[in-house]
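Engineer: For reference, the structure I am asking about is given below.
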Amino acid sequence: MQETATGIAASAAPQVERPSRMQVAVVGALLLAVAVALTIGVPHVMRLQHGVEAMEGLGRVARGAAIYYVKPRGTEDGQRMACQFPRGVAKVTDAESCCDPRVNLPGTSLCDPAKLDWNKPIWNALSTSVGEPQPFIWVYEAAGTFADAKYQISAYADIDCDGVFSTFRMVGQGDPQAKADDCVLKTRPTFEFHRADE
């Protein structure tokens, strides 16, 4: 304690620890997220989050398709298979949306992952599955070989169960330079969406 000019003892000011840059950044990010949610509305923020989830999921499937295309494979008689994506059609459910009670996680517009069928040869070939609740019905289609090989991955969601769907899609194409002994893939898939904010 120090004495002041009046002779009264004054206590030293308590030491206040300054926040770290990381703490300031985290608080800033939280405040920004709250401001955005208040400005454009929580439902819109949730829709944007679902769009990001769709792009990430489509990207995982596209990577699986690209790996399958370039990896050498043999036929039963020992011949090398043509460069191709896993061919055929795969859908995780016959339900039209996650609002369908057959796949719905009660109280949400999300699909219960336990009610979706990812255990199909095509999904296994793509090394793809989703283990957490999410709002999408996933569909994969592919045909053709070499440069004519093409796949399409779609994620459909009816976020508010009103019968209006958001659609996210990735389309990939085989490479014109691919040969039987070298399945190169330099082409990039294209991304498209319809009613992403629905």
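Every number in this text was worked out from the coordinates using simple rules, so none of it is lab data. Quick caveat, the model's predicted, so the values are computed rather than measured. Positions of Cβ are generated from backbone atoms using ideal geometry, with glycine treated the same way; all protein chains shown enter the neighbour counts.
Engineer: List the lysines whose Cα lies under 18 Å from the Cα of residue 179, skipping any in the same chain that are fewer than 8 positions away.
Structural biologist: Candidates past the 8-residue exclusion: 71, 150.
Engineer: Could I ask something else about it? Using r as the Cβ-Cβ distance of residue 105 and residue 165, and R0 as 22 Å, what FRET efficiency do you calculate, to the nearest 0.05?
Structural biologist: 0.75
Engineer: Let me ask you something else. All other residues with a Cβ under 13 Å from the Cβ of residue 145 taken together, and with Lys, Arg as +1 and Asp, Glu as -1, what is their net charge?
Structural biologist: +3
Engineer: Net charge within 14 Å of residue 130 by Cβ-Cβ distance, Lys/Arg positive one each and Asp/Glu negative one each, not counting residue 130 itself?
Structural biologist: -1
Engineer: Quick query: amide H of residue 159 versus all other amide H atoms, modeled in the peptide plane; which residues come in under 5 Å with a sequence gap of 5 or more or a different chain?
Structural biologist: Excluding prolines and chain starts, which carry no amide H, the hits are 166.
Engineer: Magnitude of the Cβ-charge dipole of the stretch 42-194, K/R +1 and D/E -1, about the Cα centre, nearest 20 debye?
Structural biologist: Dipole about the Cα centre, nearest 20: 520 debye.
Engineer: Considering the options 147, 161, 180, tell which one lies farthest towards the positive end of the dipole of the stretch 141-198, charges being +1 on Lys and Arg and -1 on Asp and Glu at the Cβ, about the Cα centre.
Structural biologist: 180
Engineer: Oh, and also: Just to confirm my numbers, what's the Cα centroid distance between the stretch 151-191 and the stretch 93-130 in Å?
Structural biologist: Going from one Cα centre to the other spans 19 Å.
Engineer: With Cβ to Cβ distances under 13 Å as the rule, what net charge do the other residues near residue 103 carry (K, R +1; D, E -1)?
Structural biologist: Net charge around residue 103: -3.
Engineer: What is the order of 184, 61, fewest Cβ neighbours within 10 Å to most?
Structural biologist: Arranged by neighbour count, lowest to highest, 184, 61 become 184, 61.
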